[in-house]
Amino acid sequence: MRYKLLTSILIIFILSCSNSVNHKDVYCFLSGTDYSKKERIYFINNENLKLASSGYNLKQTSWSDFTEANISNGEKFIIKKEEISLLKNKKGFNQCNVTYLAENESFILYRYNSTFNSRYLGRVEMKYYCDMKSLHDGQSGVIADGETINDSLSIFRTSAKNPFPLTTRKGINQYLEPGDAVESWIKLRATKLPSELIWVQNFKNDLNTSIFYNKTNISINDTIHFKSFNTFLSPEHILNKNDQFLNYIWNIKNSSIDIQNFQTMVLNPYSGTSRWKNRIKSSFVWTPGNQNKLWQKSEVEIGENRFFHTIKSGKTGMHYSTLLSRELIQKNDSLNIEFDIKGSDLIEADLVIEITDIDNERSLKYNKKVNLSSQWKKHSVNFSLTNSKNTDRLLIYFKNSSKGTIKVSKLQGAVISKIITCN
């Protein structure tokens with residue numbers, strides 16, 4: 001009798017310590033967030049769970065059924081913390097497909113993101129997309145003067161008489177945050193030679209005043225084959241949600257032009273692995289071809305299938321300076337820096353981080369030694385932000401005290417935090 005009693009107690013103890021999920025666990029987790037109980041949230045798990053009593057609109061999906069085809073941009077999903085490796089190894093997924101929203105000791109809540117393979121940034125989060133279909137679906141804000149000459153290939157021929165035959169006017173500023181980028185692509189073919197045009201991207205406010213203007217002169221020398229062109233910009237100005245983005249063609253030669261592709265994306269350039277387990281409060285990315293006054297000594301070179309910057313012996317490079325964060329710094333926040341680097345074997349480089357208050361009365365300096373090899377190697381380092389404020393000035397640079405040269409690529413950083421609910 002005593003043996004049976006001990007056995008029963010042991011079974012109850014084992015069951016109470018199991019990793020099995022019930023509706024109370026999920027309710028506790030989600031109730032600590034401000035998400036609506038009506039909003040559909042996927043729960044990714046291979047167990048046969050009864051989650052209807054959770055009070056939330058949960059849809060359980062197995063890991064095998066959880067694919068990009070079965071979830072839409074912006075939808076939310078929950079995974080068990082212990083199964084994050086399944087998400088990281090999921091075919092077609094990477095850190096840019098997720099935005100961390102909250103966690104507790106058992107779960108992580110994410111938002112799913114569509115991605116785009118940018119010429120300058122690689123694969124990153126795509127916050128907005130507009131393409132040639134807008135010319136045919138009657139969307140407001142699209143002016144297209146011409147005709148479709150090939151439906152199957154979506155080839156649109158512009159009118160020769162209209163100097164502005166194709167214009168899109170979109171309120172994309174609702175998607176744009178400081179540091180975001182707008183990348184546009186167009187595929188063109190001339191109908192007669194010579195053929196020239198100006199491609200313009202223009203932000204205007206509600207008074208129709210231009211606040212950001214970018215133009216690209218294009219010469220087209222082929223009437224048979226299409227050629228792709230692209231623009232990449234990251235507006236430094238603070239944009240209002242009522243501002244409009246104009247993307248248009250200025251036909252300066254008054255000749256018809258064939259267009260096969262005309263797309264615009266709003267991109268979040270930050271692709272650091274911190275996205276898996278942290279909220280990104282503020283971020284920066286070294287973007288080839290789009291340097292601004294925040295960057296110094298960071299000229300771009302191209303080779304080895306990547307963009308990089310070379311720092312010679314005895315020099316410094318890749319200087320970046322800005323305010324530390326757009327949001328208040330909390331006690332446990334940290335600064336994460338990621339980069340690729342290479343040089344000669346057995347030499348070192350220094351990554352220098354300086355954080356100084358606006359009155360220069362408090363200064364924090366980190367000096368991280370980085371061992372180099374002749375092959376590109378990725379590094380990720382974390383720095384505590386204890387006693388730092390979001391208004392502090394951040395300075396980052398590399399120092400080369402060796403006798404050889406070093407190359408730095410894919411430098412990016414973020415102020416990261418946690419959102420813990422119902423632990």
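The values are calculated or read from the model by the stated rules, or taken from the named source; none is laboratory data. These figures come from a predicted structure and were not determined experimentally. Note: ideal-geometry Cβ built from the backbone for every residue, glycine included; neighbour counts use all protein chains shown. Areas reflect the complete protein model, heavy atoms only, side chains present, ligands, DNA and RNA absent. Shrake-Rupley method; radii C 1.70, N 1.55, O 1.52, S 1.80 Å.
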ask   = Within segment 201-210, restricting attention to residues that are open to solvent by less than 50 Å² (accessible area, probe 1.4 Å) and out of contact with any helix residue (DSSP H, G or I) (no Cβ under 9 Å at 6 or more places or on another chain), which residue is modelled with the lowest pLDDT?
value = 205
ask   = Restricting the search to segment 86-122, which residues are of a type outside the set (A, V, I, L, M, F, W, C), touching a residue at least 60 places away in the same chain (Cβ under 8 Å), over 30 Å from residue 308 (Cα atoms) and assigned to a strand (DSSP E or B)?
value = 103
ask   = Of the numbered conditions (1) in contact with a Gly (Cβ under 9 Å, 6 or more places away or on another chain); (2) in a strand (DSSP E or B), residue 322 satisfies every one except a single condition; which is it?
value = (1)
ask   = Among the residues of segment 222-243, which ones are over 25 Å from residue 326 (Cβ atoms), among the charged types (D, E, K, R) and either in contact with a helix residue (DSSP H, G or I) (Cβ under 9 Å, 6 or more places away or on another chain) or in a loop (DSSP other than H, G, I, E, B) (or both)?
value = 222
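Which residue out of 327, 338 is outside any loop (DSSP other than H, G, I, E, B) and within 16 Å of residue 284 (Cβ to Cβ)?
Working: 327 fails: outside any loop (DSSP other than H, G, I, E, B).
It is 338.
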task = Considering only residues that are open to solvent by less than 60 Å² (accessible area, probe 1.4 Å) and in a loop (DSSP other than H, G, I, E, B), look in segment 349-380 and name the one that is modelled with the highest pLDDT.
result = 376
key: Matching residues, segment 209-221, being in contact with a Ser or Thr (Cβ under 9 Å, 6 or more places away or on another chain) and part of a loop (DSSP other than H, G, I, E, B)   = 221
inquiry  = Quick check on segment 55-65: of everything there that is assigned to a loop (DSSP other than H, G, I, E, B) and touching a residue at least 24 places away in the same chain (Cβ under 8 Å), which residue is surrounded by the most Cβ atoms within 10 Å (Cβ to Cβ)?
reply    = 56
query = Among the residues of segment 168-223, how many are out of contact with any strand residue (DSSP E or B) (no Cβ under 8 Å at 6 or more places or on another chain) and of a type in the set (Lys, Arg)?
reply = 1
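Looking only at residues in segment 175-200 that are farther than 29 Å from residue 294 by Cα and within 25 Å of the chain's Cα centre (by Cα), which one is most open to solvent (accessible area, probe 1.4 Å)? Before the answer, list the steps.
Just the residues of segment 175-200 that are farther than 29 Å from residue 294 by Cα, to begin with: 186-197.
Those left that are additionally within 25 Å of the chain's Cα centre (by Cα): 186-187.
On the way: 186: 3, 187: 69 Å².
Looking at the filtered set, the residue picked out is 187.
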query = Does segment 66-76 contain at least one residue that is open to solvent by less than 50 Å² (accessible area, probe 1.4 Å), within 21 Å of residue 268 (Cβ to Cβ), of a type outside the set (Gly, Ala, Ser) and at pLDDT 95 or above?
reply = yes
request  = Tell me, yes or no, whether segment 384-400 has at least one residue that is modelled with pLDDT under 95 and in contact with a Phe, Trp or Tyr (Cβ under 7 Å, 6 or more places away or on another chain).
outcome  = no
query = Could we say that residue 26 is touching a helix residue (DSSP H, G or I) at 6+ places or on another chain (Cβ under 7 Å) and under 28 Å from residue 412 (Cβ atoms) here?
reply = no
message = Looking for something without any contact (Cβ under 8 Å) to a residue 40 or more places away in the chain, assigned to a loop (DSSP other than H, G, I, E, B), within 30 Å of residue 324 (Cα to Cα) and open to solvent by less than 20 Å² (accessible area, probe 1.4 Å) - is there at least one such residue anywhere in segment 279-299?
response = yes
request  = Taking the residues in segment 226-246 that are among the polar types (S, T, N, Q) and at pLDDT 90 or above as candidates, determine which candidate is least open to solvent (accessible area, probe 1.4 Å).
outcome  = 231
key: Residues within segment 141-174 that are open to solvent by 60 Å² or more (accessible area, probe 1.4 Å) and in a strand (DSSP E or B), tallied   = 5
